[in-house]
Each structure stands twice: as C-alpha cells, then as structure tokens.
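J.: What follows is a single structure, and I will ask about it in a moment.
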Amino acid sequence: MKLISITPLLAAGHVLASFDKWSPPGSYDVRGPCPMLNTLANHGFLPHDGKDITKEIASDALFDALHINKTLGGFLFDFGVTTNPKPNATSFSLNDLGNHNVLEHDASLSRSDAYYGSTIAFNQSIFDETKTHWTADIVDLRMSANARTARIKTSKATNPEYSMSNLGDSFSLGESAAYVVVIGDKKTATVRRSWLEFFFEHEQLPLHLGWKRAETSFEREDLNAHLATMRNLTREAEETTPVGRVRRTMHFGW
C-alpha cells in the first residue's frame, strides 16, 4: 500500500524513513500480543525482527512514532522487560509479551485467550466483537470501556480457565485508554473509528487516512487523567454488565 508523504511532520531523516516504510514480519521476525508495538516494529521504529528491545530503543521508538514522553516510555519498558524469562534481563522481545499472566491477559480486544491457543495471532472474530461497541464514526472512552467490559464478560462465559491478575487488569484498562488518546486526540479523548480498524487489522499507522504524530507530547499527567476517567466509565459499564472487580493500580499498557 502506498503511503502519503509526511515530510512536514518531523525533521529527522531516520524518523521520516520509519513513517514512510512498512513491511510485515518475515520468517525470522517475532511479534507479540500488543498491536501497537507490532506496528512500531513493522514501521521500523522498533527493530523489525522484534528482538532484543532495550529501554533506550523502546523509549526512543515511543517518542519518535507517538510523541510519548521518554521518561514515560522508560516506565512502560520496565514492565515489558519483566516478561523476559531470563534472570536480570535488560531487554525483551515482542514474543516475550505473550507469556500468559505476566502482562498478557485474557479478554483481549483482538487476541484469543491462552486457553484456546495463541495469544499473539490477531483474531478477527474477537476484534469484530470489540468493534460492535464502537457505535459511531468517532470513538470515545465510554465506547472503549463498554468494549472492554463486554470482552471480559464473554471471556468469563466461554473460557473455563479465565484469569485476570491485578497487573493484567491494569494493563487491560490502560490499553483501552491508549488506543483512544494516543492514536487519537488526548484533549478530546476521541479517535476516528476508521483509524482504529485499520490499525488493529493491519498493524500499520493509518497515515493514508489522515493520522499524524501528535504535536504535543503524551505525559504522565495525561496517563493519570485518562486512566481515572476509564476507571469511572468502567464502573458504570460494570453496573450495566457485571463482570466482577479486582483491585487496580496505575499502569498504561498496549
């Protein structure tokens, strides 16, 4: 697919090259359950092979592609590296993120539960369920909370080994906020549905649909504010569709 030029977007040549290029993983490349990190690898912001991602690589990639504050990016890396089973690891590979019940969790918006097999491969049927809760051309956090709540309900009803750790729940909550306020507009907390559908289904930034890197950086304060909103909206959704509750802490996963 031919992508539009985004020369006005950034000045750094290597970053422009990463926006302009995209290729799917090859035979020796790895990917994980996180569509955004897979996307960054497909564009070359992360190593295209998906392997040996250090804190510097991760924080640079999140900043260059998504304008996420580098300190916040390093904070997110510190959780990601815990999925590497090697002692005292200082890097992780994208497939490490698929290790069940570390950060990866049941009730994904686009992946199967571990009980049914791969937690890494995109599952169109599951994503189709998610999309039914995006009920307008502009998706907001309430729709996101409704989609997440419904997926948890479905997973509980169909997976006899359903589980959700406190950390997994927090990352699930953060993921549902992130695809709205990082891909979309953090000020209005909205995003175009067409951007989300293309992003999830192709693991590619929707440049040809008008997406561009945010002009202002995404900060820890933004994270805290949007997660608080998501918690409130989730409580409201749970009152309509009970799914059970677990203690939540502050995390922002993809």
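J.: Check every DSSP H run in the chain and write down those whose alpha carbon atoms cover 24 angstrom or more along the long axis and whose mean Kyte-Doolittle hydropathy is 1.0 or greater.
T.: Working: long enough: 141-158 (26 Å, -0.62); 220-240 (30 Å, -1.17).
Membrane-span-like by this criterion, though nothing is claimed about a membrane: none.
J.: Moving on to the next point. Which distance in nm do the two modelled labels at Asp128 and Ala157 give, with both placed 7 Å along the Cα-to-Cβ direction?
T.: In this crude spin-label approximation the distance works out to 1.6 nm.
J.: May I ask you to derive the relative contact order of the chain, considering only C-alpha pairs under 8 Å and at least 6 residues apart, and to give it as an integer percent? Intermediate results must be reported in sequence, preceding the final value.
T.: Working: 424 pairs, mean separation 52.3, N = 254.
Reported as a whole number, the value is 21 percent.
J.: Please figure out what share of the DSSP beta bridges in the chain is antiparallel and state it in percent, rounded to the nearest 5. Kindly include the intermediate steps, with their values, before the conclusion.
T.: Numbers: 7 of 9 bridges.
Restricted to the chain, the bridges split so that about 80 percent are antiparallel.
J.: Below 30 Å, Cα to Cα, which lysines can Lys86 reach? Residues fewer than 8 away in the same chain don't count.
T.: Cα-Cα hits under 30 Å: Lys51, Lys55, Lys70.
J.: Further, regarding this structure: When the accessible area of region 80-134 is split by element with a 1.4 Å probe, what percent falls to carbon and sulfur? Please report the intermediate quantities before stating the final value.
T.: Values: 1250 of 2410 Å².
C and S atoms contribute 52 percent here.
J.: Run the numbers on region 161-219 and let me know its relative contact order in percent, using alpha-carbon pairs under 8 Å that are six or more apart.
T.: Details: 28 pairs, mean separation 11.7, N = 59.
Taking the mean separation of contacting Cα pairs over the length of region 161-219, I get 20 percent.
J.: Among the listed pairs Lys186/Lys212; Lys131/Lys212; Lys21/Lys187, which are separated by more than 18 Å between their Cα atoms?
T.: Values: Lys186/Lys212 13 Å; Lys131/Lys212 22 Å; Lys21/Lys187 29 Å.
Exceeds cut-off: Lys131/Lys212; Lys21/Lys187.
J.: Answer with one residue from Ser59, Ala147, Leu46: the one whose Cα lies farthest towards the positive end of the charge dipole of the chain, charges on Cβ with Lys, Arg +1 and Asp, Glu -1.
T.: Positive-end residue among those listed: Ala147.
J.: Continuing with this model, one more query. Tell me, what is the per residue accessible area of the chain in Å², probe radius 1.4 Å? Please list the in-between numbers first.
T.: Values: 11240 Å² over 254 residues.
Result: 44 Å² of accessible area for each residue.
The values are calculated or read from the model by the stated rules, or taken from the named source; none is laboratory data. None of these values were measured; they are calculated from a predicted model. Counting neighbours? That spans all protein chains shown, and the Cβs are built from the backbone with ideal geometry, glycine included. Please note that ligands, DNA and RNA were not included when accessible areas were found on the heavy atoms of the full protein model with its side chains. Shrake-Rupley method; radii C 1.70, N 1.55, O 1.52, S 1.80 Å.
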